[in-house]
Structures are given as C-alpha cells and as structure tokens.
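Chemist: Below is one structure. I have some questions about it.
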Amino acid sequence: MVVTKTGSGLGCGQEWPLCNGKFVPAYTVSSMIEYSHRAVSGMAGLAALASLIAFWRYKRDRRDLMAYVIGTSVFVVVQAIMGAFAVVKPQSAAIMALHFGFSLIAFASSVMLALGMRRVEQAKESVDRERLPRVTKGFRNLVWGTTLYSYVVVYIGAFVSHTDSREGCSGWPLCNGEVIPELTGGVGIAFMHRVAALLLLIVVAVMGHFAYWRNRNNREIQMLGISAAVLCLLQVFSGALIMATIHNEEVYVFSALGHTLLISALFGVLCYLSVRAWQLGKPLEAKLQRDQGIPREKIV
C-alpha cells in the first residue's frame, strides 16, 4: 500500500523484473519504494514456498494447517503475478483493487497458519483441548457472513484508492457537510465506502456480542469476537484520521498505512474465527476422527 499511497507504482517504469533497465536501480524515492516492494514480495514468495514444503513433509496429516499454507502460497503467487502485469500493462481500478484483495487473503491465510500452529503447540492433550462447547449453526453463519462482507468493504476501500476518490468526501462523519451528498463520480464511490464501513461496524459489533455472551465456556471464541469488534472500531477512527491528515502528505502516508494495517488484522481475525466456528460447529466425534486420526472406538 506504500506504493499506492505514494504514487510509486511506475517508479521502475513499465519493466519487470528489472527496474528502469537495471537489476539495481538508480536511487530515486519512487524507484526505491517500488523496488523494495518487489524485493519484499519475492522474499514472501520464497518464505511461503519454504513453509509449504515444511508442512507437506511434517504436518500433512493436519488438513487445516495444510489448507492455510496452500492458501498462503497460492495467493502470494497470484498477487505477485497481478503486480507484474500491472507494471507491464496498466490495469483498470477494478482489477487493481483485486490485487490488494488477493494480498489480503494471503495475509489472512498466514495469520490463520500461525494461530493454528500456536494452538497445536499449546495442546498438551489434543483430544481434551478439543472437547470445547459446540457453537450454533446460526452463530457460524453469522461469522461467515460477516467475514465475506468485510472482504466486500475492503474491496470498495481499495477501489476508492485506485480511482483516487479519497477526497470525494471531505470532512467526517458527514460527507461534504451533508448526510447524503450528491452521489456523482468520486463522491459516490467515497460515500458508498463510508456507508459500507458503518454497516460493517454494526455487523461486527453484533457478531462480537454473540461471540462473548453466547460462548461463555469458550474463551477463544470470546476473545476473537472482542478482538474483531475492537479492531473494527479502531478502523473507523483511523478513517477519520485519514480525513484529518489528507492534506498533509507526510502524515497522511502513515495514517493510510495504519488504516490498511487495521483492516488486514481485522480480516485475519475474522477468517480465523470463521474456521474455528466451522470446526466447533461439527459433531465432536467426527472432528476428532478427521483432524487427529483417532479411531471411533477410542473416543469417549
């Protein structure tokens, strides 16, 4: 997102993988930002590949962990390819917004992998630790719906950036001093994002309420629900901070990066909560047999 916010997308010209015809580019701010982005993306791809090989060798029996590491690897590669195409041949704002969306899925997959491994490492007796209260089908569907909708909001936000509509709505919380402004051009795009973000806050707050009060015997679900609600609230306030700093480029970059960091963390938490709601929504016996390879007769 630093590349987008600083307008450095063509810092290396329309060349890839070289930068202005060189392996190591001449020093300019835009070229170094773009080149460092490429370097970090390359290292992320190598790290994802190494993780895939390691998990395939040592943890292939854990389907959940394998799904996370495969998701990370696939979407890291997809977003890298999309980034290369965007440099060589300029893409539409709709496609560029998808580039960020795929990057977010790769990030969420890596977060789920880390949290999943942490849960495995902390389990002294896996069977006992998985004897957690089941979640209801309604709560599971609410979490899934919230996660899917959050992705839609993220896409709209990325679309705002790539259409340069961030100044369509001046001021906060009103848009150009109006509750409902004239919905034309960038104003309509920016206002749609604000409405979508407000609705997301309401949906996440409701989901967090049910996660905490309807799952009192499951601290993991409670903490994930609270974390999602807090992150979403901070995300809204960071949007207000963006509007307050939009004409101060030196500060605006950091405000925008904070906004991106918060939505990435929120999406990662929601994705992991979706997985846990799915796992805890199935009968305990079937889950233990599949995940742990435990014979049916040994399940008490």
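The values are calculated or read from the model by the stated rules, or taken from the named source; none is laboratory data. These numbers were taken from a predicted model, which means no experiment stands behind them. Glycine gets a Cβ as well: all are built from the backbone with ideal geometry, and neighbour counts include every protein chain shown. What goes into the accessible areas is simple: the full protein's heavy atoms, side chains included, and nothing from ligands, DNA or RNA. Shrake-Rupley method; radii C 1.70, N 1.55, O 1.52, S 1.80 Å.
Chemist: Output yes when any residue across the stretch 2-24 is surrounded by fewer than 14 Cβ atoms within 10 Å (Cβ to Cβ) and at pLDDT 70 or above, and no when none is.
Modeler: Taking every residue of the stretch 2-24 in turn, none turns out to be surrounded by fewer than 14 Cβ atoms within 10 Å (Cβ to Cβ) and at pLDDT 70 or above.
Chemist: Separate question: Give 44, 114, 97, 108 a once-over and let me know the one that is under 28 Å from residue 204 (Cα atoms) and at pLDDT below 85.
Modeler: On inspection, the qualifying residue turns out to be 97.
Chemist: When both residues are 6+ apart or on different chains and their Cβ atoms are under 8 Å apart, which pairs have a first residue that lies in the stretch 119-136 and is closer than 12 Å to residue 282 by Cα and at pLDDT 65 or above, and a second that is open to solvent by 50 Å² or more (accessible area, probe 1.4 Å) and part of a loop (DSSP other than H, G, I, E, B)?
Modeler: That search, which allows pairs on different chains as well, returns 132/217; 133/217; 134/283; 136/214.
Chemist: Could you say which residue among 201, 241, 174, 183 is assigned by the TED database to the domain that holds residue 277 and either in contact (Cβ under 8 Å) with a residue 24 or more places away in the chain or of a type in the set (S, T, N, Q) (or both)?
Modeler: Exactly one of 201, 241, 174, 183 is assigned by the TED database to the domain that holds residue 277 and either in contact (Cβ under 8 Å) with a residue 24 or more places away in the chain or of a type in the set (S, T, N, Q) (or both), namely 201.
Chemist: If you don't mind, there's one more thing I want to ask. Residue 180 versus (1) open to solvent by less than 70 Å² (accessible area, probe 1.4 Å); (2) farther than 15 Å from residue 266 by Cβ: which is the lone unmet condition?
Modeler: If we test residue 180 against (1) open to solvent by less than 70 Å² (accessible area, probe 1.4 Å); (2) farther than 15 Å from residue 266 by Cβ, just (1) comes out false.
Chemist: Could you tell me how many of the residues in the stretch 175-233 are in a helix (DSSP H, G or I) and within 25 Å of the chain's Cα centre (by Cα)?
Modeler: 41
Chemist: Assess whether residue 51 counts as being out of contact with any Pro (no Cβ under 9 Å at 6 or more places or on another chain), in the same structural domain as residue 107 (by the TED database) and at pLDDT 70 or above.
Modeler: yes
Chemist: Okay, moving on. Residues in the stretch 205-227 that are of a type in the set (A, V, I, L, M, F, W, C) and free of Cβ contacts under 8 Å to residues at least 60 places away in the same chain: how many?
Modeler: Of the residues in that region, 5 qualify.
Chemist: In addition: Cβ-Cβ distance below 8 Å, separation of 6 or more or different chains: which pairs start in the stretch 53-66 with a residue that is loosely packed, with under 12 Cβ neighbours inside 10 Å and end on one that is not in a helix (DSSP H, G or I)?
Modeler: 61/293
Chemist: Do we have residue 141 as in a loop (DSSP other than H, G, I, E, B), of a type in the set (S, T, N, Q) and either under 25 Å from the mean Cα position of the chain (by Cα) or farther than 18 Å from residue 238 by Cβ (or both) here?
Modeler: So residue 141 fails the test.
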